[in-house]
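Scroll down for the structure; my scribbles are underneath it.
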Amino acid sequence: MYERIEPAALEYAEDGTPFSHQFGDVYHTQHGALGQSRHVFLEGNQLPHRWQRKPRFVILETGFGIGLNFLATWAAWRDDPKRCDRLHFISIEKHPFRADDLATLHQRWPEFASLSTRLRAQWPALTPGIHRLWLDDGRVALTLVFGDAATALGKLDARVDAFYLDGFSPARNPDLWSARLCHQLAALAAPVATLATWSVSREVRQHLEYARFRIDKVRGFTGKSEMLRGHIAGTPEQNTTIPAREAVIVGAGLAGTSLAHRLVKRGWSVQLIDAADGPGQGASGNLAGVLRPLPSLDDNRLARLTRAGTLAGIRHLNALGAAGHAVRWSPSGVLHLARDPIHEARQREVVDRQQPPADYLRYVDPAEASALADWPLASGGWWFPGSGWVQPPSLCAANIAAAGAALTVRYGVSVADLARVGDAWQLRDARGDLIAETTCVILANGADIRRLDVARTLPVRSARGQVSHVPATDDSAPKVVVCRLGYVSPAIDGVRSAGATFLVDDDDPALRESEHTDNLAKLDFILPGFSATLDNATMDGRVGFRPASPDRLPMVGAIAAPGNYPADASLKRVLREPGLYAISGFGARGLVWSAIVAETLASQLDGDPLPLERDLVDAIDPGRFVLRRARRDRVPSDG
Ligand SMILES: Cc1cc2nc3c(=O)[nH]c(=O)nc-3n(C[C@H](O)[C@H](O)[C@H](O)COP(=O)(O)OP(=O)(O)OC[C@H]3O[C@@H](n4cnc5c(N)ncnc54)[C@H](O)[C@@H]3O)c2cc1C
Ligand SMILES: C[S@@+](CC[C@H](N)C(=O)[O-])C[C@H]1O[C@@H](n2cnc3c(N)ncnc32)[C@H](O)[C@@H]1O
């Protein structure tokens, strides 16, 4: 079910303190809110001391609110010469403020003006789920979880070093202090995790103690009141093995370059190998592709993943641009027209029921759709104002450029075989010559992953696709992407991309007139009358081979070893090829998946909190297919 996010309203109590009508409580004390943040949450968790000289430190807060605790923590981290290399701040918020309201609220703390500006520049759409913002040149990750903590906490995958418990008063906001929630926090605690809160409520203390936290009452802010400080009882910190932080990635398309970028930004040294003579020459070689989500009434996994992927993709494109590695793309807006009246009614119902933020998605009727497309249209549909088109090879090139010197790229090198020798993988070419030897290999070689025996548990198919290049002047309509079974891009450098065909297990790379005919028929379905003057016999285009996945979800994570799995086995029980990972199965949505799944896999490899909910991480786990096979094999055939 879609969890609609109702934004917080900007309201004040009589004394001018920000106030929540949903909870009937103020966001902070009238005087010294910042002093309280520092005393209760930072000092209460012995920060900055505890993060000093660490490679990573993870904080989790219940209730982002105004973001004052975050700003105070970020500022303290910046001011600390011994700060940890990477600071993760995860914060769960059921009613986030809009960016404009945060700007108004933050005016009270002029010392944070510049941090607030940077935070608000990336402030996400108020849609449910996880939104990760990278700040301070990729050294501070703010992972905002929009939704009810009661459901969101259980879906997080993180090892938390310090908890900030900052709900409204337990009497007015009992959900955020419940016994169940305290157990969920404990389940996320790293071995020596601490916690701090201003509340000393007896119930809260009990809930925390039952959940394995050891609690002390200590002097509160201003010395007048008390607060709680605690730590998780039990296992002492273990010496966790630090990975070698070296990897070889095979394939320099959207999948491989996106992952290379995210690993290098975490301090890994990466070799990126591709058989072609440059990046983005396989399926990722088109002139333009569409980046947009696919909502559903029940907000199913595909809907949640495409939402997370689109929003993360747009943030990544903006971040590359801000770092001086501009990608050829445009948030032109995407109009997804209904294919028939029943579909249109469903599209409308999704918007009516979910009421997504209008800057993310709204329903437009045929008249408004026609105005947006600047073309007469008989059906309405979904309008995604912030979505758009991207030129994939320019994104691949920008990922590589932004990764910098820690990334070695080798073109014209084709991997024919991988073999496990001792603790390492040896990659060899068709002559048997050694290409590379490493403990960590990630296969990002698109539809060609089928040719590598080590990846035989992945049911990737190759899906031929032809896109047609329609000559067009840059000022011609439409200037937005329009989809309706197929898609057509705006004119980009004199060409509109229209497509695409989808033919499974057809390996012919030649352009076909018949597929131009199909594309022009789709184009006419999208924009009635548009194809009348176009000649498919002289049309140019491009053919690519998508790495298709049977369930339309990507395959990202450790590759499963073949085996006879019991029909009721879970993903945890699936044996994995040691040090061998896949980022594959992107199908027709490479632009949608690349940023979010690359960040997910890089986080898994490096031990960071994951940027996706656990059930979504499971949904893209390459191990799911061996389990499906085991379940299928169990069912007796009745002929
Ligand atoms: C016609 C068409 C239209 C599309 N439209 C859209 C769209 O509108 N929106 C969208 O989001 N997605 C779209 N897609 C899908 C998207 O382009 C793909 O999902 C994506 O490009 C796949 O990226 P990849 O990195 O997995 O594979 P690829 O881009 O194919 O990259 C794989 C790389 O691996 C290299 N390689 C392969 N084997 C080896 C080996 N053995 N050794 C070394 N290197 C090797 C190849 O040279 C290649 O560079 C479209 C695809 C097609 C074909
Ligand atoms: C006291 S305020 C937090 C102040 C904030 N930490 C700051 O530094 O500005 C409490 C916050 O908890 C949020 N909240 C309340 N119940 C929640 C729930 N069940 N799940 C997630 N957030 C919740 C409220 O919307 C509110 O923003």
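Read-outs throughout are calculated quantities, based only on the coordinates presented, and are distinct from any laboratory measurement. Keep in mind that what you see is a predicted model, and the values were worked out from it rather than measured. All Cβ positions, even for glycine, are placed from backbone atoms using ideal geometry, and neighbour counts span all protein chains on display.
Taking every alpha-carbon pair within the chain, the share separated by more than 33 Å comes to 50 percent.
Which order do peptides 168-177, 598-607 fall in by mean Cβ count within 10 Å, highest first? Please list the in-between numbers first.
On the way: 168-177: 17.6, 598-607: 22.7.
Packing proxy ranking, top to bottom: 598-607, 168-177.
For the peptides 46-53, 501-508, 264-271, 285-292, residues were scored by their other Cβ atoms within 10 Å and the scores averaged per peptide; the highest-first order is 285-292, 264-271, 46-53, 501-508.
How much net charge surrounds Ala252 when only other residues with a Cβ under 15 Å from its Cβ are counted (Lys, Arg +1; Asp, Glu -1)?
Numbers: positive: Arg262, Arg410; negative: Asp274, Asp277, Asp448.
Net of charged neighbours comes to -1.
The value of relative contact order for the range 446-548, using C-alpha pairs under 8 Å at least six residues apart, is 37 percent.
Counting only DSSP beta bridges with both residues in the range 1-129, the antiparallel share comes to about 35 percent.
Listing Leu135, Leu523 from fewest to most neighbouring C-beta atoms within 10 Å gives Leu135, Leu523.
The modelled label-to-label distance for the pair His49/Val413, using points 7 Å beyond Cα in the direction of Cβ, is 4.8 nm. Could you please state, rounded to a whole Å, how far the C-alpha centre of the range 534-574 is from the C-alpha centre of the range 1-39? Centre-to-centre (Cα) distance: 46 Å.
If R0 is 41 Å, the Cβ-Cβ spacing of Gln107 and Thr151 corresponds to a FRET efficiency of close to 0.75.
Which net charge results for the neighbourhood of Phe19, defined as the other residues with beta-carbon distances under 10 angstrom from its beta-carbon, given Lys and Arg at +1 and Asp and Glu at -1? Walk me through the numbers before you get to the answer.
Working: positive: none; negative: Glu11, Glu14, Asp15, Asp25.
Summing Lys and Arg as +1 and Asp and Glu as -1 gives -4.
Could you sort the peptides 127-134, 10-17, 371-378 by per-residue average Cβ neighbour count (10 Å cutoff), highest mean leading?
Details: 127-134: 22.5, 10-17: 11.5, 371-378: 16.6.
Top of the packing list down: 127-134, 371-378, 10-17.
In terms of surrounding Cβ atoms within a 10 Å radius of their Cβ, Tyr360, Tyr164, Tyr411 rank from fewest to most as Tyr411, Tyr360, Tyr164. Average 1/r across all pairs of distinct alpha carbons in the range 404-526, invert it, and you get the Kirkwood radius: 18.0 Å. Taking a spot 7 Å from the Cα of Arg172 along the direction of its beta carbon, which residues of the range 80-110 have an amide N less than 17 Å from it? Output list for this probe position: 94-97. Modelled spin labels at His183 and Ala233, positioned 7 Å past Cα toward Cβ, are 1.7 nm from each other. Which net charge results when you count Lys and Arg as +1 and Asp and Glu as -1 among the other residues whose beta-carbon is under 12 Å from that of Pro554? For residues surrounding Pro554, the net value is +3. Considering only Phe530, Phe168, Ser489, and ranking their Cα positions along the charge dipole of the chain that arises from unit charges at the beta-carbon of Lys, Arg, Asp and Glu, the one farthest toward the positive end is Phe168. Annotation: extensible slack from Arg461 through Tyr12 equals 155.9 nm (criterion: 0.36 nm per residue apart, minus Cα-Cα distance).
Could you grab the relative contact order for the range 366-444? Cα pairs under 8 Å, six or more apart, rounded to a whole percent.
On the way: 63 pairs, mean separation 11.4, N = 79.
Once divided by the residue count of the range 366-444, the mean separation gives 14 percent.
DSSP assigns beta bridges within the chain; of those with both partners inside it, close to 60 percent run antiparallel. Put a plus charge on the Cβ of each Lys and Arg, a minus charge on the Cβ of each Asp and Glu, and nothing anywhere else: the dipole of the range 215-324 about its Cα centre is then about 500 debye. Here the spin labels are modelled as points 7 Å beyond Cα on the Cα-Cβ line, and at Asp277 and Asn300 they lie 4.5 nm apart. Which of rounded, prolate, oblate describes the range 277-379, given a ≥ b ≥ c as roots of the alpha-carbon gyration tensor eigenvalues and a/c under 1.5 marking rounded, otherwise prolate only if a/b is larger than b/c? Note, shape of the range 277-379 comes out prolate. Under 8 Å for C-alpha pairs, at least 6 residues apart: give me the relative contact order for the chain, rounded to a whole percent. It comes to 13 percent, rounded to a whole number.
The calculated FRET efficiency for Arg118 paired with Ser476, based on their beta-carbon distance and R0 = 45 Å, is about 0.70.
From the gyration tensor of the Cα coordinates in the range 130-211, what semi-axes in whole Å does the equivalent ellipsoid have, largest first, with each one equal to sqrt(5λ)?
Numbers: eigenvalues 111, 42, 31 Å².
Taking √(5λ) for each Cα gyration eigenvalue gives 24, 14, 13 Å.
Around the Cα centre of the chain, unit charges on the Cβ atoms of Lys, Arg, Asp and Glu (plus for the first two, minus for the last two) sum to a dipole of about 1620 debye.
When Arg484, Arg214, Arg450 are sorted by how many other C-beta atoms sit within 10 angstrom of their C-beta, beginning with the fewest, the order is Arg214, Arg450, Arg484. The lysine pair count for the chain, using Cα distances under 30 Å and pairs eight or more places apart or on different chains, is 13.
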